[in-house]
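To start, the structure itself, in structure tokens.
The values are calculated or read from the model by the stated rules, or taken from the named source; none is laboratory data. Remember, predicted model here, so these are calculated numbers, not experimental data. Using ideal geometry, Cβ is built from the backbone for each residue, glycine included, and neighbour counts are taken over all protein chains shown.
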Amino acid sequence: MGAGRLYVAVAAGGFRRYATYRAATVAGVFTNTAFGLILVYTYMALWDERPHLGGYDLPQAITYVWIGQSLFKTLANGGGGVETELMERIRTGDVAVDLYRPADLQLWWLATDLGRAGFEFLGRGVVPFVFGALFFDMALPADVTTWLAFLVSVALAMLVSFAIRYLVALSAFWLMDGTGVIQMAWLLGWFCSGMLLPLNVFPGALGEVVRALPWSSLLQAPADVFLGQADPLGTYAFQAVWAVVLLAAGRMVQSAATRRVVVQGG
Amino acid sequence: MAESCRLDAGVHRRAEEVPGGRVREGVRAYFLIACMWIRSTMAYRTSFALMTLTNFATTALDFVAILLMFSRVDALGGYSLQQVAFLYGVSSTTFGLADMVIGSMERLGRRVRDGTLDTLLVRPAPVLAQMAADQFALRRLGRTSQGALVLGWALLRLDIDWTPLKVLLMPVMLVSGCAIFCAVFIAGAAFQFVAQDAAEVQNAFTYGGTTLLQYPPTVFATELLRGVTYVLPLAFVNWLPATYVLGLPYPLGLPEWAAFLSPLVAAVCVGLAGLAWRAGLRSYRSTGS
């Protein structure tokens, strides 16, 4: 079996595993829609006070909310993907089994996470978005190319998201209890990805900084491609650079960590 | 501390002797279990301190979002930053307390699925008390203290025309608000007996509820306001009493005395949630594993 086919199979497994929990998926859709509603009304009050805040008009701001609710689980902005499981395996030592597999540790987990993200995108992303489009005045692109450009940006965002969470998970090799790291990652991911407020609404230097950080790939970047606020190619380059840098960092940390496992005797 | 934390056989015996003993027994069991969890957390003091601090910081993000909004505008839905901070403070403090006291209930779905609820059923203490105290996390004080700080700041900065009635309404609002959120947690857990792995629906009402109440009622659509006033009466946690204290117009054109209904609404909510819980527990069939 070719290496490529192996990882496709792993990804398909990840997709199927998350697709098993139907009631949980319905519950998640309900909750994302409820939070979307709350956010939409606060944004409407905000944009009512300051039209064109952050360069968005009101329909664009509303669209931003529903994109956020749709991608929230897919991109696991604050965490909650496969990294919790990997962390647990590192803590218990089960990761030794993963290392024995004739597959690369990072690629294996990347494939699993992409499978998961793919399911969350279809299973949990579509409904809140459609709900938003039905009940609110949204800025939907008229041309197919923008929709496709958006999907490419979402795919790149999946890579960046995994790369960040993989680093978080690997920290468990050094810190037996990863609760603190998970909380910090959640804090940063939530704040810096634009889930609280679009990053272009953040004032001054704070705004400049958060927009340059990798987390802006997770919601701000695809949303701006969708809303026609950013050039797709420039956005892809930004996301790809962060993906490569973070995945490479993950690889380095991984090799340092696996040496540790051998020393400990796994 | 060590003495009071011992789970002794007396827990069960007392129930038949005292009228209303079931409640006392529950409260007692609750405190014993909570105490045990506090002791176990305190074994790692640094970890506890850090977790409380992160709990404080993560929940403070909601207020940071509000501050960011007000860095761009002077008012939201006709409310000033101080007035929004007042709403936020009450919502966050009451929810934080309810989450600390009874928030563990949301784990019910998992316990039903993996069969560990059975362990609680055979113990001589009310299941509700055991569920609520399970993995009691004192670190959740982080949210409450953060909410209380914001509330304190708002009270200092607001120019409220205090009357004895308004002063009295403050503690009443906090206690009733906490009770209403507790009822939501209990009802949510009861719902999980039916929908076992749909725990996330509960989040829409608990975390979603507190987020909703952090913003002025004037921001939301009338249908939504009606829903959280007449159906799931979250509006009585802070919107109605707070608008009275702040001297602002009421949502939905409600009469002025509606602000004082919070304790009554809280009592009804807790009663109904209790009934739902009993019905849920009765319908429970073990996984049999």
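The single condition from (1) closer than 30 Å to B:R113 by Cα; (2) within 14 Å of chain A (Cβ to nearest Cβ); (3) surrounded by fewer than 19 Cβ atoms within 10 Å (Cβ to Cβ); (4) of a type in the set (A, V, I, L, M) that B:L272 fails is (2).
Of the residues making up region A:10-32, those that are more than 8 Å from chain B (Cβ to nearest Cβ) and in contact with a helix residue (DSSP H, G or I) (Cβ under 8 Å, 6 or more places away or on another chain) number 13.
Hey, among A:A23, A:A19, which residue is free of Cβ contacts under 8 Å to residues at least 40 places away in the same chain and closer than 16 Å to A:R124 by Cβ? So the residue among A:A23, A:A19 that is free of Cβ contacts under 8 Å to residues at least 40 places away in the same chain and closer than 16 Å to A:R124 by Cβ is A:A23. Each residue in region B:73-110 was checked for being over 24 Å from B:C178 (Cβ atoms) and either touching an Asp or Glu at 6+ places or on another chain (Cβ under 8 Å) or in a helix (DSSP H, G or I) (or both), and 7 pass.
The rows are residues; the columns are (1) within 20 Å of the chain's Cα centre (by Cα); (2) within 11 Å of chain A (Cβ to nearest Cβ); (3) at pLDDT 85 or above.
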{"site": "B:S40", "(1), (2), (3)": "no, no, yes"}
{"site": "B:L67", "(1), (2), (3)": "no, yes, yes"}
{"site": "B:F95", "(1), (2), (3)": "yes, no, yes"}
{"site": "B:M105", "(1), (2), (3)": "yes, no, yes"}
{"site": "B:D114", "(1), (2), (3)": "no, no, no"}
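Scanning region A:70-104 for residues that are modelled with pLDDT of 85 or more, under 20 Å from the mean Cα position of the chain (by Cα) and surrounded by fewer than 23 Cβ atoms within 10 Å (Cβ to Cβ) yields A:T84, A:E85.
Please work out if A:L39 is free of Cβ contacts under 8 Å to residues at least 60 places away in the same chain and surrounded by 22 or more Cβ atoms within 10 Å (Cβ to Cβ). Before the answer, list the steps.
Details: free of Cβ contacts under 8 Å to residues at least 60 places away in the same chain: yes; surrounded by 22 or more Cβ atoms within 10 Å (Cβ to Cβ): yes.
Answer is yes for this residue.
Hand me the list of helices (runs of 4 or more DSSP H) wholly inside region A:25-120 holding 1 or more residues that are more than 30 Å from A:R259 (Cα to Cα) and out of contact with any Gly (no Cβ under 8 Å at 6 or more places or on another chain).
Filter on region A:25-120 gives A:58-75, A:105-120.
Taken together, the residues in region A:188-209 that are closer than 26 Å to B:T52 by Cβ and touching a residue at least 12 places away in the same chain (Cβ under 8 Å) amount to 7.
Which one of B:F220, B:F205 is within 11 Å of another protein chain (Cβ to nearest Cβ), without any contact (Cβ under 8 Å) to a residue 40 or more places away in the chain and over 29 Å from B:S104 (Cα atoms)? Walk me through it before giving the result.
Details: B:F205 fails: over 29 Å from B:S104 (Cα atoms).
Checking each option against the conditions leaves just B:F220.
Of the helices (runs of 4 or more DSSP H) lying entirely inside region B:179-287, those containing at least 2 residues that are under 19 Å from the mean Cα position of the chain (by Cα) span B:199-205, B:207-213, B:239-246, B:262-283. Can you pull out the residues in region A:202-227 that are in contact with a helix residue (DSSP H, G or I) (Cβ under 6 Å, 6 or more places away or on another chain) and assigned to a helix (DSSP H, G or I)? Hits for region A:202-227 are A:V210, A:R211, A:P214, A:W215, A:S216, A:S217, A:Q220, A:A221, A:P222, A:A223, A:V225, A:F226. Is region B:159-181 home to any residue that is of a type in the set (S, T, N, Q) and either within 14 Å of chain A (Cβ to nearest Cβ) or surrounded by 23 or more Cβ atoms within 10 Å (Cβ to Cβ) (or both)? Scanning region B:159-181, I find at least one residue that is of a type in the set (S, T, N, Q) and either within 14 Å of chain A (Cβ to nearest Cβ) or surrounded by 23 or more Cβ atoms within 10 Å (Cβ to Cβ) (or both), so the answer is yes. Checked against (1) touching a Phe, Trp or Tyr at 6+ places or on another chain (Cβ under 6 Å); (2) of a type outside the set (F, W, Y); (3) surrounded by fewer than 22 Cβ atoms within 10 Å (Cβ to Cβ), A:L151 meets all criteria but (1). Within region A:47-69, being surrounded by fewer than 23 Cβ atoms within 10 Å (Cβ to Cβ) and within 12 Å of chain B (Cβ to nearest Cβ) holds for A:W47, A:D48, A:E49, A:R50, A:P51, A:H52, A:L53, A:G54.
Of all the residues in region B:71-93, those that are buried (at least 19 other Cβ atoms within 10 Å of the Cβ), facing another protein chain (nearest Cβ under 10 Å) and farther than 17 Å from B:L240 by Cβ number 1.
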